[in-house]
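The values are calculated or read from the model by the stated rules, or taken from the named source; none is laboratory data. Everything quoted here is computed from the prediction, not taken from an experiment. In this analysis, Cβ positions are derived from the backbone assuming ideal geometry, glycine residues included, and neighbour counts consider all displayed protein chains.
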Amino acid sequence: MINKLNDLRTLVRGRVLLSGDDGFDQARRPWNLAIEQSVPAVVEAADAADAAAVVRFARARGLTVSAQPNGHGATANLDGAILLRTRRLDTLQIDPAARRARVGAGVASGRLQAAAVPHGLTGLPGSSPVVSVTGVALGGGLSWFGRTYGWVADSVTAFDIVDAEGRQRRVTAGTDPDLFWALRGGGGDFAIVTALELSLHHAPHLYGGRMLWPAEHAPAVMDAYRQITATAPGELTLWLDLLHFPGSDPMVAIDTTYLGDTAEVRDLLSPLDRLPRPLADSRRTMTVAEVGTITAEPTDPGAGSSRGELLTGLDDATAKTLLADPIAPLLSVQIRHLDGAFARPSDSPHGPLTEPYALYLFGVPTDPATAAAIATKQRTLTDALPVSGRKPFTFLSPGDTAADAFTPAALNRLREIKRHYDPHNTVRSNFPIPTDQPAAAVPANPR
């Protein structure tokens, strides 16, 4: 295999690392250090031409290619694939008049936000400023502002790709409607995306931050959270977090963003002001470039074990179940309010999100025993809650498949698009689209 791959060094301008080379182990590591990526080669593309050369090389030799800027969302599904790092594809152009951005595959969300701020505009950022815009869009994308503007993918207007034959192309709804549909949330299994264009949104004002209380106040915080989210306008987003960090007491937090004036949001959040005095309250007027500071997620790689689900409701019984026991060994149990524009029709593989809340369970597997305990806690808690049986593509974790994200009809359409555009499976995503059999029907709520 190594001899077969040596020719890569003469085909690209970027760095090529093969198994056994100095720096190879560091280069192949994903963002989640708990995941092992067994790949024979890593190519750090200097430009889109490098990406095209790698795809042509792989296709001619019956190999596969998987693109990652930094490795967010990685799984162990890449055995034998050439790992194509796209972080150097970092073009970023803002057209403020058209409210549009051209974003290279390596551009992180925080960088787009910083570039949009001077124009009173915003992209659709998630919780982390270091995740690539392209990676999020390929998975659909849940944003802080999605209750106003829908999926991140709904704002994408064009893709620059390298197709499975190694050709550089531009894909729009007009040129390739099926492929365009698949790329807007179906994952990176259809082509190598080197850049995309997306619509930006008007955002002259943003209010946001975190309120934090001791866990003893969790029932009251949960009640306030349910009260506010029951009638919240689309501009207002709230996430509730049950937290238990090593060396500290359990806590509960409410994370908030509001696309509007501070005076308007005060009344909407008044139930929070009637709660006991918080340990901390960071809410303030901020720029859309600062939204990543709200949850202050790590900006360096580390080990983690996550599980995501969609909740069909947050009634009394569900709230009681969530608060019944300590969350340890989990570090966090997060509930995100969805609804709003997420529930509107969407011409994307996932379609509308009819579930009103998302659940995200996270722990750090410091050793095998802790990893097993985290998985047991995630499974036990999920089994006791009203989950829909589907989950957003970007919430998939090792052990999940693409079938967990889509309806049978959407999965079958994705399968046919994969067969048409990549019949030799040259391109492989973290969660490949299965092409061997039609999707089976599943009940709306497996519980």
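Restricting the range 8-32 to residues that are over 19 Å from A51 (Cα atoms) and among the polar types (S, T, N, Q), which is surrounded by the fewest Cβ atoms within 10 Å (Cβ to Cβ)?
Top of the filtered list is Q26.
Scan the range 1-54 residue by residue and report those that are of a type in the set (A, V, I, L, M, F, W, C), out of contact with any Lys or Arg (no Cβ under 7 Å at 6 or more places or on another chain) and assigned to a loop (DSSP other than H, G, I, E, B).
M1, V12, W31, L33, A34, I35
Give the residue, chosen from L179, L198, that is modelled with pLDDT of 95 or more, farther than 30 Å from P278 by Cβ and either assigned to a strand (DSSP E or B) or of a type in the set (S, T, Y) (or both).
Working: L179 fails: either assigned to a strand (DSSP E or B) or of a type in the set (S, T, Y) (or both).
Residue meeting the stated conditions: L198.
So H350 passes all but one of these: (1) surrounded by 14 or more Cβ atoms within 10 Å (Cβ to Cβ); (2) at positive phi. Which condition number does it fail?
With respect to (1) surrounded by 14 or more Cβ atoms within 10 Å (Cβ to Cβ); (2) at positive phi, H350 is out only on (2).
Could you check, for the range 310-325, whether at least one of its residues is in contact with a Gly (Cβ under 6 Å, 6 or more places away or on another chain) and either in a loop (DSSP other than H, G, I, E, B) or not charged (D, E, K, R) (or both)? Spell out the reasoning first.
At the first step, the residues of the range 310-325 found to be in contact with a Gly (Cβ under 6 Å, 6 or more places away or on another chain) are none.
No; the residues of the range 310-325 include none that is in contact with a Gly (Cβ under 6 Å, 6 or more places away or on another chain) and either in a loop (DSSP other than H, G, I, E, B) or not charged (D, E, K, R) (or both).
Looking at the range 381-404, which of the residues that are assigned to a loop (DSSP other than H, G, I, E, B), in contact with an Asp or Glu (Cβ under 9 Å, 6 or more places away or on another chain) and small (G, A, S) is surrounded by the fewest Cβ atoms within 10 Å (Cβ to Cβ)?
Initial filter on the range 381-404 (assigned to a loop (DSSP other than H, G, I, E, B)): 384-386, 388-392, 396-397, 399, 401.
Restricting the remaining residues to those that are in contact with an Asp or Glu (Cβ under 9 Å, 6 or more places away or on another chain) gives 385-386, 388-391, 396.
Retained after the next criterion (residues that are small (G, A, S)): 388-389.
Working: S388: 18, G389: 15.
By that ranking, first place goes to G389.
Can you run down the residue pairs with Cβ atoms below 7 Å, 6 or more apart or on separate chains, where the first is in the range 25-42 and in the same structural domain as V65 (by TED's automatic domain parsing) and the partner is aromatic (F, W, Y) and surrounded by fewer than 20 Cβ atoms within 10 Å (Cβ to Cβ)?
V42/F24
Provide a single number: the residues in the range 105-127 that are modelled with pLDDT of 95 or more and under 17 Å from the mean Cα position of the chain (by Cα).
Let us first name the residues in the range 105-127 that are modelled with pLDDT of 95 or more, namely 105-125.
Now restrict to residues that are under 17 Å from the mean Cα position of the chain (by Cα): 105-113, 123-125.
Counting residues in the range 105-127 that are modelled with pLDDT of 95 or more and under 17 Å from the mean Cα position of the chain (by Cα) gives 12.
The conditions are (1) hydroxyl-bearing (S, T, Y); (2) closer than 21 Å to L240 by Cα; (3) modelled with pLDDT under 95, and T382 fails exactly one of them. Which is it?
(3)
Filtering the range 363-376 down to residues that are among the β-branched types (V, I, T) and not in a helix (DSSP H, G or I), which residue is farthest from the chain's Cα centre (by Cα)? Give the steps one after another, and end with the answer.
Initially, the range 363-376 is screened for residues among the β-branched types (V, I, T), giving 364, 366, 370, 374, 376.
Then keep just the ones that are not in a helix (DSSP H, G or I); that gives 364, 366.
Values: V364: 19, T366: 23 Å.
Going through the qualifying residues, I end up with T366.
Can you give me the number of residues within the range 188-218 that are more than 27 Å from T257 (Cα to Cα) and not hydrophobic (A, V, I, L, M, F, W, C)? Please lay out each step first, then the result.
So in the range 188-218, the residues more than 27 Å from T257 (Cα to Cα) come out as 188-195.
If we keep only those that are not hydrophobic (A, V, I, L, M, F, W, C) as well, we get 188-189, 194.
Here the count works out to 3.
Does A60 count as in a loop (DSSP other than H, G, I, E, B) and within 26 Å of K418 (Cα to Cα)?
Numbers: in a loop (DSSP other than H, G, I, E, B): no; within 26 Å of K418 (Cα to Cα): yes.
Criteria not met by A60.
Which one of these is touching a helix residue (DSSP H, G or I) at 6+ places or on another chain (Cβ under 9 Å) and at pLDDT below 95: R226, R274, R266?
R266
Give the residue that is farthest from G234 (Cα to Cα), with candidates limited to residues of the range 263-282 that are more than 31 Å from the chain's Cα centre (by Cα) and in contact (Cβ under 8 Å) with a residue 60 or more places away in the chain.
P276
Taking into account only those residues within the range 333-362 that are small (G, A, S) and more than 17 Å from the chain's Cα centre (by Cα), which is farthest from D255 (Cα to Cα)?
So the first thing to find is which residues in the range 333-362 are small (G, A, S), and the list is 340-341, 343, 346, 348, 351, 358.
From the residues that got through so far, the ones that are more than 17 Å from the chain's Cα centre (by Cα) too are 340-341, 343, 346.
Details: G340: 17, A341: 19, A343: 21, S346: 26 Å.
So the residue we want is S346.
So which strands (runs of 3 or more DSSP E) are wholly in the range 63-152 and hold at least 1 residues that are surrounded by 21 or more Cβ atoms within 10 Å (Cβ to Cβ), touching a residue at least 24 places away in the same chain (Cβ under 8 Å) and of a type in the set (S, T, Y)? Lay out the reasoning, then the answer.
Values: elements: 65-68, 82-85, 92-95, 100-104.
Where strands (runs of 3 or more DSSP E) fall fully within the range 63-152 and carry at least 1 residues being surrounded by 21 or more Cβ atoms within 10 Å (Cβ to Cβ), touching a residue at least 24 places away in the same chain (Cβ under 8 Å) and of a type in the set (S, T, Y), they are 65-68.
Could you tell me whether R336 is buried (at least 18 other Cβ atoms within 10 Å of the Cβ) and basic (K, R)?
Details: buried (at least 18 other Cβ atoms within 10 Å of the Cβ): yes; basic (K, R): yes.
For R336, the condition - buried (at least 18 other Cβ atoms within 10 Å of the Cβ) and basic (K, R) - is met.
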